[in-house]
Amino acid sequence: MAVTLQGAQMLQILERSLRKYLPESLKVYGTVFHMNHGNPFNLKAVVDKWPDFNTVVVRPQEQDMADDHDFYTNTYQIFSKDPQNCQEFLDSPEVINWKQHLQIQSSQSRLNEAIQNIANIQSFQVNRSENILFVTAETIKKLFPDLLDPKNLSPGNGKPKAINQDMFKLSSLDTTHAALVNKFWLFGGNERSHRFIERCLKNFPSCCVLGPEGTPASWTLMDQTGEMRMGGTMPEYRDQGLVSFVVYSQDQIMKKCGFPVYSHTDKSNIAMQKMSYKLQHLPMPSAWNQWKCVPM
């Protein structure tokens, strides 16, 4: 039995409830937070029961998922208090349309078993990415302070080195920059991802530094889950500390808006992990997970 949460009051109750399970609920909490601040992606939250839910799935409306091959639109965020027993709910066609190409995102690695079981039943192929989930010290302090151990913070004030302001200028991206972002995004590089990036740029704050020719040299933006993502730097401007400056600047913008600030980094990307540490972004005990599902 799936219950769709209707109206601001129910979503606010859900947001408060999810706070108790941070950082494991972060990917869903971040999405619900943005649903409560205008819901620019027109998402809906579905639970197995209300108000004492076990599992929540945030997903697009059916009418927005017209393209069966659009992973980027057909994205579901999931959190479960009981990952061992949420399979039946997730297997329901009114919760997830398993006939489409889709993505599932969660800060819960424990969902893997249920997703792999459904894959066997529904016969689709799953490609899973598990990365390090980083959260800024400020967000941890505000939302789940018990996890903030000052011993884990880098020395200093968490600010990046200054950039050459004669050469580079802090700015923001607009939709005309979607092609550039798409070209360098690890999960992108196609027409559907280009559309998704345009949508993120239209609806959320972004940050970049413009190089001497007036085009973005380094950038980052955020997605519908409130996560800082899709960052990149032009090859000729790498190793100059630009990405650190851009991430810090975006962090400040998001903090001013009251947004939770988090991101993920590949386990093999040591340079980004070091940069995160210097900016006082801390790795979480729960990982960042994405399951890409394709019907066979």
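Side notes on the structure shown:
- Spatially close lysines, pair count over region 15-129: Cα under 16 Å, gap of eight or more or interchain: 4
- Each part reduced to its alpha carbon centroid, region 126-165 and region 10-87 end up 24 Å apart.
- Neighbour-limited loop hits for trypsin sites (Lys or Arg not before Pro), region 72-177 (at most 13 other Cβ within 10 Å; DSSP other than H, G, I, E, B): K99, K161
- On the principal axes of its alpha carbon atoms, region 90-158 extends 51, 22, 18 Å, with the longest extent given first.
- K274/M1 FRET efficiency (R0 35 Å; Cβ-Cβ; nearest 0.05): 0.15
- Taking amide H as placed 1.01 Å from N in the peptide plane, the amide H of N54 sits under 5 Å from that of D48, K49, each at least 5 places away or on another chain.
- Estimated dipole of region 1-51 in Debye, rounded to 20 [Cβ of Lys and Arg +1, of Asp and Glu -1, Cα centre]: 60 debye
- Here is how the number arises for the chain: DSSP H runs of 4 or more residues each give -39500 (n - 2.57), the sum is divided by the residue count, and the result at 222 nm is -9000 deg cm²/dmol.
- Put a plus charge on the Cβ of each Lys and Arg, a minus charge on the Cβ of each Asp and Glu, and nothing anywhere else: the dipole of the chain about its Cα centre is then about 800 debye.
- 28 Å Cα-Cα reach of K161 towards lysines, excluding residues that sit fewer than 8 places from it in its own chain: K141, K142, K151, K169, K183, K255, K256, K267, K274, K278
- The overall shape of region 173-296, judged from the alpha-carbon gyration tensor, is rounded, with an a/c ratio under 1.5.
- Dipole magnitude of region 160-296 about its Cα centre (Cβ charges: Lys, Arg +1; Asp, Glu -1), debye to nearest 20: 300 debye
- Calculated FRET value between N117 and I253, using beta carbons and R₀ = 41 Å, to 0.05: 0.50
- Alpha carbon convex hull of region 231-282, volume per residue in cubic angstrom: 85 Å³
- Point-to-point label distance, D146-I13, nm (Cα→Cβ direction, 7 Å offset): 2.4 nm
- Separation of the D52 and F187 label points, Cα + 7 Å toward Cβ, nm: 3.5 nm
Bear in mind that the values in this text are calculations on the coordinates, not laboratory data. These numbers were taken from a predicted model, which means no experiment stands behind them. Positions of Cβ are generated from backbone atoms using ideal geometry, with glycine treated the same way; all protein chains shown enter the neighbour counts.
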